[in-house]
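Student: Submitted below is the structure of interest, expressed as structure tokens.
The values are calculated or read from the model by the stated rules, or taken from the named source; none is laboratory data. Quick caveat: nothing in here was measured; it's all calculated off a predicted structure. Virtual Cβ from ideal backbone geometry, glycine too; neighbours counted across all protein chains shown.
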């Protein structure tokens, strides 16, 4: 197929498969490939933020692999461990987790038990 053309209909089931993330046809999918977490060596960087949050304190865990499944599961575990809310973001190059409150000690201990190196 030409790059300027777009598939409208096909009776071939292989051409009609859709991407699980963006719901576009596989041939037209623009999703970035996810990084394998097992092969990816990283150090999680923790910091505190208050600016732009109405005076509320947030613990930010930065420089994590940009893998949505990994980030979602780690965020869920951290929220349960800390007993607070939080979210994950997939910024430009890496993943970021935000946990409400000053929970650096709890998070540092949890990451060590999970085998994830951290600093900050």
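Student: Working only within segment 18-30, note down all residues that are part of a loop (DSSP other than H, G, I, E, B) and either modelled with pLDDT of 75 or more or surrounded by 11 or more Cβ atoms within 10 Å (Cβ to Cβ) (or both).
Tutor: Matches in segment 18-30: 19, 21, 22, 24, 29.
Student: In segment 83-97, what residues are surrounded by 18 or more Cβ atoms within 10 Å (Cβ to Cβ) and either without any contact (Cβ under 8 Å) to a residue 12 or more places away in the chain or over 12 Å from residue 44 (Cα atoms) (or both)?
Tutor: Result: 86, 88.
Student: Could you please give the count of residues in segment 56-75 that are closer than 20 Å to residue 20 by Cβ and either surrounded by fewer than 17 Cβ atoms within 10 Å (Cβ to Cβ) or touching a residue at least 40 places away in the same chain (Cβ under 8 Å) (or both)?
Tutor: Here the count works out to 4.
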